[in-house]
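Contents: one structure, followed by commentary.
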Amino acid sequence: MLEKKMQKALNEQINAEIYSAYMYLSMSAWFESNALSGFANWMRVQYEEEMFHAMKFYNFVHDRGGQVLLKAIDGPPTEWKSVIDVFEATLQHERHVSALIHKLVDLSTELKDHATNQMLQWFVEEQVEEEANAEQILDELKLIGDAKSGLFMLNRELSQRTFTPPAGG
């Protein structure tokens, strides 16, 4: 059974994950409106991953005898100055989510909630990957600079990304 303090924190994380999904869907729409369908695809996959994360938390709360309490989701930004601006915002957001996960780990340790701590370790690893992916694309965009051909090639590469739920997820 989840302690009320842990349940509240996990419910807040569900909300944060759904907000992340909403933000990435907004970024996808921005890319589509700027004729960058590969970048839009990459962000749609991010959206799917974040919804997967939200449901992983959702299912865990239920499995531990807790109650999921959903709250309103704030509207995400809808405009960015550039492709680089989008990926700077993405990296900043992923670092924020990492900090949220780390706070949950700290709380699970404080409460001696070993089951929650074990589940959270998957998210700790996932966030390392999320930050690295965003940072890699941002670095590539900075290397490309104003070269439209480079942007075209990266757009084509990002169109190949697909969502595959992790095994055992």
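Read-outs throughout are calculated quantities, based only on the coordinates presented, and are distinct from any laboratory measurement. Fair warning: this is a prediction, and the values are worked out from it, not measured in the lab. Because the Cβ atoms are built from the backbone with ideal geometry, glycine has one as well, and the counts that use them run over all protein chains shown.
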Within a Gaussian network of the chain (alpha carbon springs, distance under 10 Å), most fluctuating of 30, 122, 42 | 122
Reachable lysines from residue 5, Cα under 18 Å, same-chain residues fewer than 8 places away excluded?
-> 71, 103, 112
Work out Dmax and Rg for the chain from the C-alpha atoms and quote the Rg first, both in angstrom.
-> 17.2, 55
Please arrange 26, 149 by counting, for each residue, the other beta carbons lying within 10 Å of its beta carbon, fewest first.
-> 149, 26
Run the dipole for the chain about the Cα centre, Lys and Arg Cβ at +1, Asp and Glu Cβ at -1, nothing else charged, and hand back the magnitude in debye, nearest 20.
-> 400
Virtual spin-label span in nm between residue 99 and residue 132, 7 Å along Cα→Cβ = 2.3
Gaussian network model of the chain, Cα springs within a sub-10 Å range: biggest mean-square fluctuation belongs to which of 55, 27, 43?
-> 55
